[in-house]
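Working notes, structure below.
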Amino acid sequence: FSSLNVRLLGIDAPELRLAKCELEICLAHKAKLALERIVGAGRNQPTQLVDCQHDKYGGRITCNMIGTNGQSAAETMLLTGLAIPYYGKPKTYSWCDFGSIELNSPLHQHIVQCGGQLQVETEEDFDW
């Protein structure tokens, strides 16, 4: 393949093409840069795809991806706060409206850097 669209298994990240607000666009750019660092994009690093299956939307596959550090790219993205767990069910959240979030959590830090204003409480208020 010269090009292959891959969705990381088990996570959802903000979308660049389908963004619904400026905050999501900013978070999506940050997520893209983080993933590029994780997989060594631009450094001619081979990327290992494992546990691949056809995506429910067709035209792409879902896989676990192993980063240059040997760790799961999806797990690393979750730890950065630039992705959330996703198991194929309809979304009950928006990257544009978080409501409450834990102060100083990785996601909170990214939102602040993107200029977002939030009511700060606890991450337990999320339904994800």
Counting DSSP beta bridges with both partners in segment 1-84, what percentage is antiparallel, nearest 5?
70 percent
Read phi for every residue in segment 74-84 and hand back ³J(HN,Hα) as whole Hz from Karplus 6.51 cos²θ - 1.76 cosθ + 1.60, θ = phi - 60°, with x for Gly and Pro.
5, 4, 5, 4, 4, 5, 6, x, 9, 7, 10
Determine, from the Cβ-Cβ distance of Q48 and Y87 and an R0 of 25 Å, the FRET efficiency 1/(1 + (r/R0)^6), rounded to the nearest 0.05.
0.65
Among the lysines, which have Cα under 20 Å from the Cα of K20 when same-chain residues fewer than 8 positions away are ignored?
K30, K32, K89, K91
Could you give the nm distance between label points at L103 and E22, where each point is 7 Å from its Cα heading toward the beta carbon?
2.6 nm
What FRET efficiency comes out for the pair S94/Q71, r = Cβ-Cβ distance, R0 = 30 Å, nearest 0.05?
0.60
Relative packing of 15-28, 57-70, which averages over residues the other C-beta atoms within 10 Å, highest first
15-28, 57-70
Send over a whole-number figure in Å² for the accessible area per residue of segment 56-116, probe 1.4 Å.
54 Å²
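The values are calculated or read from the model by the stated rules, or taken from the named source; none is laboratory data. None of the values given here were measured: they were computed from a predicted structure. Using ideal geometry, Cβ is built from the backbone for each residue, glycine included, and neighbour counts are taken over all protein chains shown. Just so you know, the surface numbers come from the protein's heavy atoms only, side chains and all, with ligands and any DNA or RNA stripped out. Shrake-Rupley method; radii C 1.70, N 1.55, O 1.52, S 1.80 Å.
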